[in-house]
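Asker: Submitted below is the structure of interest, expressed as structure tokens.
The values are calculated or read from the model by the stated rules, or taken from the named source; none is laboratory data. Just so you know, these numbers come straight off a predicted model, no measurement behind them. FYI the Cβ positions are ideal-geometry reconstructions off the backbone, even for glycines, and counts take in every protein chain you see.
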Amino acid sequence: MRTAFPPRPALASAAVSVLTAAALLLPATASAAPVPEAGAPTDGAETAQAAQSALVWSDEFDGAAGSAPNPAHWNHETGDHGWGNNELQNYTDNRANSALDGNGNLVITARQETNGTYTSARLTTQNKIEHAYGHIEARIKIPRGQGIWPAFWMLGSDFPNTPWPHSGEIDIMENVGHEPHMVHGTVHGPGYSGANGIGASYTHPQGWSFADTFHTFAIDWSPGSITWSVDGHPYNTITTNDVGTNPWVYDQPFFMILNVAVGGQWPGYPDHTTQFPQQMTIDYVRVYSQDGDGGGTGGGTGTITASNGVCLDVAGAQTGDGTPIQLANCNGSQAQQWTVGADGTVRAFGKCLDVAGGGTAAGTPVQLWECNGTGAQQWTRDGGTQALRNPQSGRCLQPQGRAQSDGTRTEIADCDGSAVQRWNLPG
């Protein structure tokens, strides 16, 4: 679909407002008062100058018509148990409900089956693609109709081990079909969840339906602050001050979710006006680093150094699958040249930094292996602790025995924010 990735659009200046939006567990749940947007662009136009920030991950949804979304990026969550909100749909992993269209889009389809039930899809990047901070956006054409509920949102990577809402939830975009001209952005955390979720709504500047064309829905996320925007125009900022004495739970990696629900306590239920099938069409999902912070995993080519200055090294400069990864005194050799890719991989000699055997247990060795797109080769950068985290295992890269010395091999271990898990990336 696209041969080059543009830098992300800068946010145009606009008034911001913090409102209280009603919400329930999965995802947020009620409308807030509209926030008028003076001078907002129409139908996805981008008017701002490009900002300097690196693309660290994207899915452009290129592929054959009818094929599944990339399994290295996306999981299918399935079931018809109401999802905490008395929803009607049965989420499936069938291609009838989620598939690439062959034109560079992912299409999620909500259907009414011949027996009167509803099916749809819910896709997550949990344990595969997880990020903290940066600019996160998706270009989406939403569905329409009473009882239809599309969403692009995020949950904390420690969910469900840390239960909702303590894990945190960031709703980047939600729409309920009876409000075709309005979208919502909300956070949920301990003490401000459900009907007390904190957020705001954005009204189409011409009052048109958001389902008429594609729009870009985004957040700009930094420690202690999240700003929502539509088509490059911000409409709300929430900071630590807005949660009062309650915990701010957004300084950690989150995973992304795309889904279309049918019915539920907030949108209400389909009626005689609702037409099926309804489709949410996603052009792309992209994650950019914060300007100049080197966050994410996209950072060019060069050395990766531990907090004491020693280098991440391919043992013996060997290129065979299974070669151990170690620490070594920096020497400028090819064995210490790493490319940190926009696809979440970290590469040397054209091969990938890999958790041996796809293991998830603490102490599993880290090695060099032919790149294969699996979760064992995905790494995210924690902008706060500077750790390299493998989302599949939920664990971080560190030297064995926590010894930062020449020749020490590497492993994954429980993430603890310590200096031995801090890595300086190239760029």
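Asker: Do the conditions hold for T380, that is, is it surrounded by fewer than 19 Cβ atoms within 10 Å (Cβ to Cβ), over 14 Å from A306 (Cβ atoms) and at pLDDT below 95?
Answerer: no
Asker: Here are some conditions: (1) modelled with pLDDT under 90; (2) of a type in the set (D, E, K, R); (3) over 29 Å from Y250 (Cβ atoms). R347 meets all but one. Which one does it not meet?
Answerer: The single condition R347 does not satisfy is (1).
Asker: From N161, N175, which residue is free of Cβ contacts under 8 Å to residues at least 40 places away in the same chain, of a type outside the set (V, I, T), in the same structural domain as W266 (by TED's automatic domain parsing) and crowded, with 24+ Cβ neighbours inside 10 Å?
Answerer: Going through N161, N175 in turn, just one is free of Cβ contacts under 8 Å to residues at least 40 places away in the same chain, of a type outside the set (V, I, T), in the same structural domain as W266 (by TED's automatic domain parsing) and crowded, with 24+ Cβ neighbours inside 10 Å: N175.
Asker: Condition test on H178, is it of a type outside the set (A, V, I, L, M) and part of a strand (DSSP E or B)?
Answerer: no
Asker: Turning to a different aspect of this structure: Out of (1) part of a helix (DSSP H, G or I); (2) crowded, with 17+ Cβ neighbours inside 10 Å, what's the single condition that is false for A195?
Answerer: With respect to (1) part of a helix (DSSP H, G or I); (2) crowded, with 17+ Cβ neighbours inside 10 Å, A195 is out only on (2).
Asker: I'd like to check something: does segment 74-91 contain any residue that is touching a Gly at 6+ places or on another chain (Cβ under 7 Å), closer than 18 Å to T374 by Cα and part of a loop (DSSP other than H, G, I, E, B)?
Answerer: no
Asker: Run down G207, G156 and say which single residue is among the small types (G, A, S), assigned by TED's automatic domain parsing to the domain that holds W57 and in contact with a strand residue (DSSP E or B) (Cβ under 6 Å, 6 or more places away or on another chain).
Answerer: Just one listed residue meets the conditions, G156.
Asker: Out of segment 374-404, which residues are among the hydroxyl-bearing types (S, T, Y), closer than 14 Å to R422 by Cα and touching a helix residue (DSSP H, G or I) at 6+ places or on another chain (Cβ under 8 Å)?
Answerer: Passing the criteria: only T385.
Asker: Taking interchain pairs and intrachain pairs at least six residues apart, which have beta carbon atoms under 9 angstrom, with the first residue in segment 198-216 and under 17 Å from K141 (Cβ atoms) and the second among the small types (G, A, S) and assigned to a strand (DSSP E or B)?
Answerer: Y202/G185; Y202/S229; T216/A138; T216/S229
Asker: Which of the residues that make up segment 222-279 are modelled with pLDDT under 95, more than 18 Å from the chain's Cα centre (by Cα), buried (at least 19 other Cβ atoms within 10 Å of the Cβ) and among the polar types (S, T, N, Q)?
Answerer: If the condition is that a residue be modelled with pLDDT under 95, more than 18 Å from the chain's Cα centre (by Cα), buried (at least 19 other Cβ atoms within 10 Å of the Cβ) and among the polar types (S, T, N, Q), then no residue fits.
Asker: If you take the residues in segment 206-262 that are in a loop (DSSP other than H, G, I, E, B) and of a type in the set (G, A, S), which one is farthest from Q278 (Cα to Cα)?
Answerer: Step by step, filter segment 206-262, then rank; the result is G244.
Asker: So if I check each of N424, N372, which one is at pLDDT below 90 and under 14 Å from D354 (Cβ atoms)?
Answerer: Of N424, N372, the one residue that is at pLDDT below 90 and under 14 Å from D354 (Cβ atoms) is N372.
Asker: Can you work out which of the residues in segment 194-221 that are of a type in the set (S, T, N, Q) and closer than 22 Å to W266 by Cβ is modelled with the lowest pLDDT?
Answerer: Taking the candidates together, the pick is N196.
Asker: Using the structure shown, decide if G116 is out of contact with any Ser or Thr (no Cβ under 9 Å at 6 or more places or on another chain) and modelled with pLDDT of 95 or more.
Answerer: yes
Asker: Further question: Tally up the residues in segment 210-221 that are surrounded by fewer than 21 Cβ atoms within 10 Å (Cβ to Cβ) and either under 20 Å from the mean Cα position of the chain (by Cα) or not assigned by TED's automatic domain parsing to the domain that holds T186 (or both), please.
Answerer: Within segment 210-221, residues that are surrounded by fewer than 21 Cβ atoms within 10 Å (Cβ to Cβ) and either under 20 Å from the mean Cα position of the chain (by Cα) or not assigned by TED's automatic domain parsing to the domain that holds T186 (or both) number 1.
Asker: T319: over 21 Å from P71 (Cβ atoms), surrounded by fewer than 23 Cβ atoms within 10 Å (Cβ to Cβ) and among the polar types (S, T, N, Q), yes or no?
Answerer: When the stated conditions are applied, T319 passes them.
Asker: Name the residue that is farthest from G82 (Cα to Cα), counting only residues in segment 98-123 that are part of a strand (DSSP E or B) and either among the small types (G, A, S) or in contact with a His (Cβ under 8 Å, 6 or more places away or on another chain) (or both).
Answerer: If we take residues in segment 98-123 being part of a strand (DSSP E or B) and either among the small types (G, A, S) or in contact with a His (Cβ under 8 Å, 6 or more places away or on another chain) (or both), then A99 is farthest from G82 (Cα to Cα).
Asker: Still on this structure, please answer the following. Of these, A335, A361, which one is touching a residue at least 24 places away in the same chain (Cβ under 8 Å), more than 18 Å from S307 (Cβ to Cβ) and not in a strand (DSSP E or B)?
Answerer: A361
Asker: Here's a follow-up. Run Q275 past the list (1) touching a residue at least 12 places away in the same chain (Cβ under 8 Å); (2) more than 30 Å from D62 (Cβ to Cβ) and report the number of the one that doesn't hold.
Answerer: Status for Q275: all satisfied but (2).
Asker: Out of (1) among the polar types (S, T, N, Q); (2) under 24 Å from W57 (Cα atoms); (3) at pLDDT below 95, what's the single condition that is false for S418?
Answerer: Checking S418 against (1) among the polar types (S, T, N, Q); (2) under 24 Å from W57 (Cα atoms); (3) at pLDDT below 95, the one that fails is (2).
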